[in-house]
Amino acid sequence: MCLGIPGRIVEITDAARLMAMADVSGVRREVNVACVAGAALDDLVGAWVLIHVGFAMAVIDEDEAAETLEALRGLGEAQEALEQIAEGAKALAEQ
Amino acid sequence: MRYVEEFRDPKAAKRVLAAIARVTGEIGATAENPVRIMEICGGHTHAIFRYGLDKLTPGGIEFIHGPGCPVCVLPMARVDECVEIAERPGVIFCTFGDAMRVPGTKKSLLQAKADGADIRMVYSPLDAVELARRNPGREVVFFGLGFETTTPSTALSIQQAAREELSNFSVFCNHITVPPPIRALLDDPHMVLDGFVGPGHVSMVIGTHPYDFIAEDYGKPLVVAGFEPLDLLQSVLMVLEQIRDGRASVENQYARVVPEHGNPVSLAAIADVYEARPSFEWRGLGEIDASGLRIRDAYKAFDAEEKFGIGYAAGPRVTEEPEGCGCGAVMTGRMKPTECPQFGRGCTPDTPLGALMVSSEGACAAYWTYGGARAVEEMA
Ligand code: SF4
């Protein structure tokens with residue numbers, strides 16, 4: 001919850017709500033990009049961002065993303081974040 | 001050097017460790033009279049244990065584990081209030097998974113779920129907003145928990161819910177801020193600290209200036225650090241160099257991610273939605289002035305405390321922590337986890353008594369996972 005996980009923005013899904021699809025270690029998750037949105041939202045496509053609980057909080061470069069991911073894997077926090085993303089999807093599916 | 005080879009760049013790690021040993025020597029710190037450095041963030045506590053940084057650094061350095069794990073400092077009364085809200089008919093209670101196993105006076109959220117409450121683990125407050133959209137006939141409550149890293153997410157979610165006029169979404173706000181407990185610890189006469197390793201991702205939101213008082217008013221150095229083990233070692237070295245040189249300033253080792261003035265969009269959303277509570281209770285630390293946030297009157301409709309007349313909205317209340325629980329003393333660095341009479345006896349990750357044993361970022365869980373179990377065997 002406290003550590004962000006790097007992901008790559010692949011598509012803007014809802015410009016009005018500032019939502020985008022991110023690829024987080026192969027898992028797709030819609031994230032809010034309000035905190036990193038510059039003038040042109042489309043410029044974010046392809047960018048690496050640090051994602052906290054579904055919000056992109058900082059744009060980072062590719063090396064930083066790789067190093068952060070490795071550090072998170074070492075701590076077991078990357079797996080934890082991916083499990084939480086899966087839990088979130090499950091919670092939405094429940095009726 | 002049993003862990004050094006695990007570093008991404010073991011050579012660089014060895015260089016920094018050699019510099020740390022040299023500067024520690026120059027300061028004249030020894031195992032009996034060590035430099036005491038507090039890492040504020042629970043993520044850093046976890047990394048220190050995982051990589052054995054406390055073992056790799058020379059005897060003249062003692063790491064004091066700070067209060068920077070939001071799950072660990074959550075008072076039992078707040079867990080009880082979560083359960084109370086979750087057990088109301090028609091409520092869908094959404095929480096981060098981390099909070100599920102924190103014990104309340106009677107039960108944890110996990111037990112309440114087993115007893116039939118509709119409690120859902122979500123990844124993001126956005127999931128809770130989506131559940132509110134899909135379930136207009138139900139009250140969807142999100143358990144807002146965490147420091148400045150997660151505060152913007154609930155602020156932006158509340159703003160979004162307000163724009164959509166979602167009347168069945170609210171947040172049970174337990175957001176807390178990093179600087180006030182640090183001030184409280186610095187004011188504690190029993191607490192002797194020589195410097196701080198500051199949180200990386202919190203600082204990404206708030207920038208480095210909220211820590212200025214630590215250097216200016218208390219004369220202690222603080223270095224904002226990244227999460228790689230090498231980042232941490234470098235930050236420890238930067239703290240030690242300041243101590244050796246008799247300086248105290250706020251430095252930023254993690255400038256590649258942390259902007260000096262933080263993230264403007266996040267800060268604006270926080271300021272729009274939240275205001276400081278007069279005081280907020282921290283497990284083990286007690287009430288600390290202006291350390292927690294509440295939802296402003298303008299967004300009252302989204303405040304679960306107001307909606308359900310619970311928590312601070314219901315007036316003052318006191319809950320005793322369980323017998324023999326050492327969480328408070330551990331949290332303030334007065335006791336090592338292994339010195340707690342419950343450690344490994346009444347309290348293990350499977351049957352946690354205190355929150356420090358629940359979260360992977362809690363000092364007790366970290367001790368246990370990375371060698372604490374062994375320590376208990378040795379004690380027996
Ligand atoms: S061992 Fe358990 S009771 Fe003791 S300080 Fe740690 S979490 Fe608290």
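The values are calculated or read from the model by the stated rules, or taken from the named source; none is laboratory data. Everything numeric in this text was worked out from a predicted model, so none of it was measured. Counting neighbours? That spans all protein chains shown, and the Cβs are built from the backbone with ideal geometry, glycine included. Side chains included, ligands, DNA and RNA excluded: accessible areas come from the protein's heavy atoms. Shrake-Rupley method; radii C 1.70, N 1.55, O 1.52, S 1.80 Å.
Under 5 Å between amide hydrogens, built in the peptide plane, is the criterion, and for B:ASP118 it picks out B:PHE93 among residues at least 5 positions away or on other chains. Global dimensions of the range B:236-342 from alpha-carbon coordinates: Rg and Dmax equal 19.7, 55 Å.
Annotation: B:LYS55 carries an accessible surface of approximately 130 Å², with a 1.4 Å probe and no ligand, DNA or RNA atoms counted. Taking the inverse of the mean reciprocal distance over all distinct Cα pairs, the Kirkwood hydrodynamic radius of chain B comes to 21.5 Å. What is the diffusion coefficient of the protein assembly as shown in µm²/s, taking the Kirkwood radius over Cα pairs and the Stokes-Einstein relation at 4 °C with a viscosity of 1.567 mPa s? So the translational diffusion coefficient is about 57 µm²/s. Report the antiparallel proportion of the DSSP beta bridges in the range B:1-322 as a percent, rounded to a multiple of 5. Bridges in the range B:1-322 are about 20 percent antiparallel. Normalising the Debye intensity of the range B:33-73 to I(0), with uniform scatterers on Cα atoms only, and taking log10 at q = 0.16, 0.28 Å⁻¹ returns -0.40, -0.96.
Annotation: for a label point projected 7 angstrom from Cα along Cα→Cβ of A:ARG73, residues of the range B:3-18 with backbone N closer than 17 Å are B:5-10.
Computed from the C-beta positions of B:GLU287 and A:ASP63 and an R0 of 30 Å, the FRET efficiency is 0.10 to the nearest 0.05.
Its residue count N sets the reference 2.2 N^0.38 Å, and the alpha-carbon radius of gyration of chain A equals 1.04 times that reference.
Scanning residues 5 or more positions from A:VAL10 or on other chains, those with amide H under 5 Å from its amide H are A:MET21, A:ALA22, A:ASP23, A:GLY46, with H placed 1.01 Å from N in the peptide plane. Absence of a disulfide-compatible partner, taken as no other cysteine beta carbon within less than 4.7 angstrom, is noted in chain B for B:CYS41, B:CYS82, B:CYS94, B:CYS173, B:CYS325, B:CYS327, B:CYS340, B:CYS347, B:CYS364. For the range B:119-181 versus the range A:18-33, the inter-centroid distance based on Cα atoms is 19 Å. Available extension along the chain between B:ASP54 and B:ALA19 is 11.1 nm, counting 0.36 nm per residue and deducting the alpha carbon span.
A convex hull fitted to the Cα coordinates of the range B:327-368 yields 56 cubic angstrom per residue. The label-point distance for B:THR369 and B:ALA12, in a model that sets each label 7 Å from Cα toward Cβ, rounds to 2.4 nm.
Compute the FRET efficiency between B:GLU5 and A:VAL27 as 1/(1 + (r/R0)^6), taking r as their Cβ-Cβ distance and R0 = 30 Å, and round to the nearest 0.05. Provide the component values of the computation, followed by the final result.
On the way: r = 30 Å, r/R0 = 1.01.
Once rounded, the FRET efficiency stands at 0.50.
Number of Lys-Lys pairs in the protein assembly as shown with C-alpha atoms under 30 Å apart and a separation of 8 or more places or on different chains: 20. Here the 3J(HN,Hα) profile of the range B:54-65, calculated from phi with Karplus coefficients 6.51, -1.76 and 1.60 at θ = phi - 60°, is 5, 8, 6, 7, x, x, x, 10, 10, 8, 9, 8 Hz, Gly and Pro shown as x. From the alpha carbon centroid of the range B:1-68 to that of the range B:73-111 is 36 Å. Working from label points 7 Å from Cα in the Cα-to-Cβ sense, the B:LYS300 to B:GLU26 distance is 5.9 nm. Taking the DSSP bridge list for the protein assembly as shown and keeping only pairs wholly inside it, about 45 percent are antiparallel. Between A:ASN32, A:LEU44, B:THR24, the Cα set farthest toward the positive side of the dipole of the protein assembly as shown (charges on each charged residue's Cβ, about the Cα centre) is that of B:THR24. With 0.36 nm allotted per residue and the present C-alpha distance subtracted, the B:ALA276-B:ARG345 stretch has 21.0 nm of extension available.
Could you tell me the calculated FRET efficiency between A:ALA15 and B:ARG88, based on Cβ-Cβ distance and R0 = 41 angstrom, to the nearest 0.05?
Values: r = 37 Å, r/R0 = 0.90.
Plugging the Cβ-Cβ distance into 1/(1 + (r/R0)^6) gives 0.65.
Taking the DSSP beta bridges in chain A as the whole, what percent of them are antiparallel, to the nearest 5?
Details: 20 of 21 bridges.
Close to 95 percent.
Spin-label model, B:ALA314/B:HIS261: points 7 Å from Cα along the beta carbon direction are separated by 4.3 nm.
What GluC sites (Glu not before Pro) does chain A have in DSSP loop regions with at most 16 other beta carbons within 10 Å?
Passing both the DSSP loop test and the Cβ count: A:GLU94.
Using 0.36 nm per residue and subtracting the Cα-Cα separation, the extra length available between B:GLU164 and B:ALA268 on full extension is 35.5 nm.
Backbone phi angles across the range A:80-88, fed through the Karplus curve with coefficients 6.51, -1.76 and 1.60 (θ = phi - 60°), yield HN-Hα couplings of 4, 4, 5, 5, 5, 4, 5, 4, x Hz in residue order; Gly and Pro are listed as x.
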